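Reviewing the structure listed below.
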Amino acid sequence: MKRKKVKAGSVVLTLLSAGLALIFLAPVIWAFFVSLQYEGKQIISVGSWFSPPYTFRNYLDLIIGSDVAKWLMNSVIVAVLVTVLTVLFSAMAAYALAKIKFLGRNNLYLYFLLGLMVPGEATIVPLFITANGLKLIDTYAGLLFPSVAVSMNLIIMVTFFKGLPDSLIEAARIDGAGEITIFARIIMPLSKAVISTISIFAFIGSWNNYLWPLLCAMDSSKFTLPVGIPIFAGTYTVDYVKPMTANMIASIPAIIIYLIFEKQIVQGITMSGVKG
């Protein structure tokens, strides 16, 4: 059996990748070990953060005895609903732009492309004025709807839908199928890959969203984790244990989702770089 020669370039790339991964994971690992420490523990050196004894009592105390559990539930509800609505509305709009011929279709698609050039921060003031006029401030609906319309998600879906064969759609129309039937029974089943990609992006984007929930949610009972945790951490000016525990509670769901759907996330990044 012939041994495969290991190229020096691949070894360097592997070592470089491992080093970068360690750099990015180091804060997460440190935060995790800090969250397992007893509150008020004396820290003598850096190694003290990682030394036993450990306890999971901090997680139980935060979930039962603070608003973190409520903020966690708000984040889950908002992220799930944003994901469902984003996939539904983006898919319907993308199908119309990719497969239905109508006057002004190209101009409308160009309009969404131009939306990529506008930073989200630039839309905050008119968005707040509009939401306030519609009585959506400090409501769950106000937290949801502004996060649904994202140009990038629509463009990714349009690019994917354009690659689907038109012959399937024409055959369905000849058989008497309407646009809703074609969309639900042909387009959506063939688009599981792009739907999973958009779902992951929408969920993580909503989960990490800070600026708009900060402006929209006035009552602490409607805070999401990114808004509530800085306020919670501000009450612990010396001890790191409880703030790090709260941060780990906020990070664990996103980490789990990434580990499970890593392949789809990489495919989505690849797809987002392809313009149709």
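The values are calculated or read from the model by the stated rules, or taken from the named source; none is laboratory data. Because the structure is predicted, anything quoted here is derived from the model rather than measured. Note that we place each Cβ from the backbone using ideal geometry, even for glycine, and neighbour counts take in every protein chain shown. Just so you know, the surface numbers come from the protein's heavy atoms only, side chains and all, with ligands and any DNA or RNA stripped out. Shrake-Rupley method; radii C 1.70, N 1.55, O 1.52, S 1.80 Å.
Here are the numbers for this structure:
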| read-out | value |
| --- | --- |
| FRET efficiency, L20 to N132 (Cβ-Cβ, R0 35 Å, nearest 0.05) | 0.20 |
| Along principal axes, Cα extents of segment 1-146, largest first, whole Å | 67, 62, 30 |
| Packing rank of 204-213, 43-52, where each peptide gets the mean count of other beta carbons within 10 Å, highest leading | 204-213, 43-52 |
| Among 10-20, 97-107, the order from most to least packed when residues are scored by Cβ within 10 Å on average | 97-107, 10-20 |
| Residue-normalised accessible area of the chain, expressed per residue, 1.4 Å probe, Å² | 60 Å² |
| Value of [θ]222 nm, deg cm²/dmol, for the chain, DSSP H segments ≥ 4, -39500 (n - 2.57) each, nearest 500 | -21000 deg cm²/dmol |
| Spherically averaged projected area of segment 25-110 from its Cα convex hull (nm²) | 9.8 nm² |
| Residues M152 and I252, FRET efficiency given R0 of 25 Å [Cβ-Cβ distance, rounded to 0.05] | 0.45 |
| Helix 68-99 axis, angle to the chain major axis (alpha carbon atoms, nearest 10°) | 20 degrees |
| Sites L60 and A8 - FRET efficiency at Förster radius 41 Å, r taken between beta-carbons, to 0.05 | 0.20 |
| Value of Rg/Rh across segment 130-266 [Cα atoms, Kirkwood radius] | 1.12 |
| Kirkwood-Stokes translational diffusion coefficient of the chain, alpha-carbon pairs, 10 °C, 1.306 mPa s, µm²/s | 72 µm²/s |
| Calculated over segment 1-73: convex hull of Cα atoms, volume per residue (Å³) | 196 Å³ |
| 0 to 90° range, to nearest 10: angle between helix 105-114 axis and the chain longest Cα axis | 20 degrees |
| Segment 58-273 - percent of accessible surface contributed by carbon and sulfur, probe 1.4 Å | 69 percent |
| Sequence-separation-based contact order of segment 58-273, relative, with Cα cut under 8 Å and 6+ spacing, percent | 36 percent |
